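Beneath this line is the structure, given in structure tokens, with notes to follow.
No lab work stands behind these numbers, since they all come straight from the coordinates. Keep in mind that this is a model prediction, so the values were computed, not measured. Positions of Cβ are generated from backbone atoms using ideal geometry, with glycine treated the same way; all protein chains shown enter the neighbour counts.
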Amino acid sequence: MKKIAIYGKGGIGKSTTVSNLSAALSAEGYRVMQIGCDPKADSTRTLTGGRGIKTILDVLRENKDAVALEDLVHPGYNGILCAEAGGPTPGIGCAGRGIIAAFEKLEELHAYETYKPDVVLYDVLGDVVCGGFAMPMREGYADEVVIVSSGEMMALYAAYNIAQAVKNFADRSYAALRGIILNRRNIENERELVERAAGEIGTEIIGVIPRCSLVQDAEEEGKTVVERFPQSEMSGIYRSLSEILAGKAVLEAAS
């Protein structure tokens, strides 16, 4: 099992990227679990036909005593296991603490041992790397951290903060920084800007996702590009990137 935490600034296209990677991996025969770690709870929406799923925190608030795994993890496109941590009631509580509670419940119910996924993708908001949002990288949940960024200043600033958080845990055998996925916004000299930022934080660009209208077309139907336009060049880009992230260990496990 390979576990990857994918971080990025809110609105950078992180959930779109993660969901398409999940779809691409599942199309290759991997058993995939995607866990949304954003209070908006919209990470898995394009894997479930555009509908939202009940969040782990909502389930726990409604019924703390008799919670089963099937209440928390829902089947999506091509058998992808979908879960949303959720968040506190708006204005009350800490979103980071909500992630911690959700992760602890999945662990208590032996989610990974029960479902036995080949790949787990955590979709994590990266504007603020507080204790809760840093949990995927710091508690042994993820093997690697990947950052989604454009060449825009605030996206690169978030990438720097995420990289610093990874570095702070480097001596504890926690997740390692795998690299940056450049999600293009078509700003001037974008590739050069992100390459320079990657060099400054000691990593590299591992994939480039161009702007493409097919992404929005697919999302309007509640689907990923990989599902809606499987033969498109854009779908091929996600498949190639998913192969890079999966790595040899997972390839061997699935063979």
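About its Cα centre, how strong a charge dipole does the range 135-255 have in debye, to the nearest 20, once Lys and Arg get +1 and Asp and Glu get -1 at the Cβ?
It comes to approximately 200 debye.
Put +1 on the Cβ of each Lys and Arg and -1 on the Cβ of each Asp and Glu in the chain; which of N189, S22, S235 then has its Cα farthest toward the positive end of the dipole?
The Cα lying farthest towards the positive end belongs to N189.
Listing T114, T44 from the residue with the fewest other Cβ atoms within 10 Å to the one with the most, what is the order?
So the residues, fewest neighbours to most, are T114, T44.
Near the amide H of K2, under 5 Å away, which other amide H atoms are found, from residues 5 or more places off or on another chain, if H is placed in the peptide plane?
Those lying under 5 Å, H to H, from K2 are V119, V120.
What is the magnitude of the charge dipole of the range 2-246 about its Cα centre, with +1 placed on the Cβ of each Lys and Arg, -1 on the Cβ of each Asp and Glu, and no other charges, expressed in debye to the nearest 20?
Once rounded to the nearest 20, the dipole reads 140 debye.
For a quick check: sort Y30, Y141, Y122 by the number of other beta carbons within 10 angstrom, fewest at the front.
Y141, Y30, Y122
Largest first and to the nearest Å, give the Cα extent of the range 111-156 along each principal axis.
Taking max minus min along each principal axis of the Cα atoms, the range 111-156 gives 42, 22, 13 Å.
Show me, for the range 172-188, the HN-Hα J-couplings you get by feeding each phi into the Karplus relation (A = 6.51, B = -1.76, C = 1.60, θ = phi - 60°), rounded to Hz, glycine and proline as x.
Taking θ as phi minus 60°, the curve returns 10, 6, 8, 4, 9, 6, 7, x, 10, 9, 7, 9, 5, 10, 6, 8, 5 Hz for the range 172-188.
Would you give the gap between the C-alpha center of the range 152-193 and the C-alpha center of the range 9-43, rounded to a whole Å?
18
Considering only DSSP beta bridges whose two residues both sit in the range 56-214, what percent are antiparallel, to the nearest 5?
15
For Q216 paired with D65, estimate the spin-label separation in nm (one decimal), with each label point 7 Å from Cα along the Cα-to-Cβ line.
5.1
Among L156, G140, A83, whose Cα projects farthest towards the positive end of the dipole of the range 2-246, with charges put on the beta-carbon of Lys, Arg (+1) and Asp, Glu (-1)?
Positive-end residue among those listed: L156.
Find the relative contact order for the chain and round it to a whole percent, using C-alpha pairs within less than 8 Å whose residues are 6+ positions apart. Mind dumping the intermediate values first?
Working: 507 pairs, mean separation 67.4, N = 255.
RCO, the chain: 26 percent.
Using only C-alpha atoms and all pairs of different ones, pull out the Kirkwood radius for the range 2-246 in Å with one decimal.
Averaging 1/r across every pair of different Cα atoms and inverting gives 17.9 Å.
Work out the FRET efficiency for C130 and Y160 from their Cβ-Cβ distance, taking R0 = 25 Å, and round it to the nearest 0.05. Before the final figure, lay out each step's value.
On the way: r = 16 Å, r/R0 = 0.64.
Here the calculated transfer efficiency is 0.95.
For R184, enumerate residues with amide H under 5 Å from its amide H, sequence gap 5+ or separate chain, H modeled in the peptide plane.
I209, R211
Which of the residue pairs K105/K167; K14/K40; K40/K116; K40/K223 have a Cα-Cα distance greater than 25 Å in the structure shown?
Among K105/K167; K14/K40; K40/K116; K40/K223, the Cα-Cα distance tops 25 Å for K105/K167; K40/K116.
Fewest first, what order do C82, C37, C212 take by the number of other Cβ atoms within 10 Å?
The fewest-first ordering by Cβ neighbours comes to C212, C82, C37.
For a quick check: with amide H placed at 1.01 Å from N, whose amide H comes under 5 Å from G140's, ignoring anything fewer than 5 positions away on the same chain?
Amide H neighbours of G140: A175.
Give me the net charge for the shell around K9: Cβ to Cβ below 9 angstrom, other residues only, Lys and Arg +1, Asp and Glu -1. The partial results should precede the final answer.
Values: positive: K14; negative: D127, E152.
Surrounding charge for K9 is -1.
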